[in-house]
1. If amide H atoms are built 1.01 Å from N in the plane of the peptide, which residues on other chains or at least 5 residues away come under 5 Å of the amide H of Ala35?
2. Positive end of the charge dipole of the chain (Lys, Arg +1 and Asp, Glu -1 on Cβ, about the Cα centre): tell me which of Ala137, Ile85, Asn255 has its Cα farthest that way.
3. Within region 188-228, name every residue whose backbone N is under 16 Å away from a label modeled 7 Å from Cα of Glu169 along the Cβ vector.
4. Placing +1 at every Lys and Arg Cβ and -1 at every Asp and Glu Cβ, with all other atoms neutral, what dipole size does the chain have around its Cα centre, in debye to the nearest 20?
5. Select from Ala13, Ala84, Ala342 the residue whose mean-square fluctuation is largest in a Gaussian network model of the chain (Cα-Cα springs shorter than 10 Å).
6. Using 0.36 nm per residue, how much length does the chain from Asp132 to His54 gain when fully extended, once their Cα-Cα distance is taken away?
7. Can you work out ³J(HN,Hα) from phi for every residue in region 280-287, in order, using Karplus 6.51 cos²θ - 1.76 cosθ + 1.60 and θ = phi - 60°, giving whole Hz and x for Gly and Pro?
8. Take each of the peptides 297-310, 126-139, 275-288, 233-246, average the number of other beta-carbon atoms within 10 Å over its residues, and list them starting from the highest.
Amino acid sequence: MPLPTFDPASYEAQLADKIAHYKADFAHLNLPEPAVFRSEPLHYRLRAEFRIWHTGAQLDYAMFDSADPKVPVLIDSFPPAGPAIHALMPRLRSALASNECLRRRLFQIEFLSTLSGEVLVSLVYHRPLEADWESAARALAAELGIQIIGRSRKQKIVLERDWVIEEFEFEGRSLRYQQFEGSFTQPNGQVNRQMLGWAANQARNLGGDLLELYCGNGNFTMALAPLFNRVLATELSKTSVHAAHYNLEANQVDNVTMVRMASEELSDAMAGGREYRRMKGVDLASYQFSTIFVDPPRSGLDPATLALARGFRHILYISCNPQTLKANLEALQDTHEIVASAAFDQFPYTHHLECGVLLRQR
């Protein structure tokens with residue numbers, strides 16, 4: 001799609017249009033009136049990446065419009081970037097342009113930041129990185145107060161660490177998250193906090209035990225775990241599971257069992273399928289599940305996971321793709337009804353909308 005225009009004056013209108021489409025698309029499913037959670041109209045993205053365009057010794061951030069993909073759109077300022085990224089971008093560009101070692105064959109820059117102000121920058125090159133690059137990059141990291149990673153073909157140089165720490169207040173607790181470069185994290189930090197709040201409000205009186213699929217680094221796990229007796233959480237990515245274990249310890253959450261496996265495998269295990277070594281020591285029969293929480297990829301829930309979800313009293317579902325959410329809800333409507341819904345504007349000025357629904361068994 002073409003590059004969006006970031007105009008705060010148009011924000012409410014574009015959000016209203018997205019909500020209207022959401023309600024119309026789900027009307028046949030008796031969608032309750034959704035709670036709407038707005039984004040900040042500017043400086044909301046905690047992740048961003050840009051191509052680097054070289055004109056002699058000058059460097060520019062660049063993006064490409066799908067309508068004319070061979071012509072770079074040079075970026076002086078990127079209004080969606082979170083405050084830490086937005087402040088860093090001109091300083092970083094100037095420092096890189098003035099250093100031939102860091103500038104040479106630099107292809108792309110990726111930013112990962114947090115609400116608490118940390119920034120990790122990945123510099124991606126079309127050349128091998130040697131000792132002179134590492135020395136110059138360390139000096140730059142110290143000068144700008146950031147973490148830097150260097151990447152090129154089959155090469156990754158981590159100067160200090162390849163993760164940041166996010167920390168914010170949530171319902172009287174200080175939640176702390178390790179977020180790795182290259183792993184999924186929620187791009188709109190303030191909207192993510194609203195998502196956690198909505199999910200916690202829906203789960204507050206459900207009781208029993210929770211099964212969480214696609215838990216990632218434990219973003220929702222940390223918020224929901226205190227509301228249930230026990231939690232069984234699954235995630236396939238090794239990096240995300242590593243971060244989730246760190247986050248459980250950092251947040252002193254002691255009622256969660258983490259299992260690294262795909263949702264299809266967990267569905268098979270719970271249906272009495274084959275034994276999985278990664279489930280060793282997990283007594284599924286001892287859990288009294290009241291609720292399943294899912295935050296799947298854009299493809300939504302596969303048939304096996306849908307079949308698993310049918311057996312739960314409550315389904316708490318966060319979706320990044322309303323179309324696959326709609327298809328999943330249509331498949332579940334004979335066993336469950338929607339009792340609450342929400343819309344989260346993670347990506348202002350685009351057609352994307354994050355949705356949440358709570359379903360209750362009929």
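The values are calculated or read from the model by the stated rules, or taken from the named source; none is laboratory data. Everything numeric here is computed off the predicted structure, so don't read it as measured data. Cβ atoms come from the backbone with ideal geometry, glycine included; neighbour counts cover every protein chain shown. SASA here: full protein model, heavy atoms, side chains in, ligands and nucleic acids out. Shrake-Rupley method; radii C 1.70, N 1.55, O 1.52, S 1.80 Å.
1. Close amide H contacts, sequence-distant or interchain: Ser341, Ala342, Ala343.
2. Sorting the options by dipole projection puts first Ala137.
3. 190, 193-194, 197
4. 640
5. In this elastic network of the chain, the residue with the biggest mean-square fluctuation among Ala13, Ala84, Ala342 is Ala13.
6. Values: separation 78, 0.36 × 78 = 28.08 nm, distance 2.09 nm.
Between Asp132 and His54, full extension yields an extra 26.0 nm.
7. Along region 280-287, the couplings run 4, x, 9, 8, 4, 5, 7, 7 Hz.
8. The packing order, highest mean first, is 233-246, 297-310, 126-139, 275-288.
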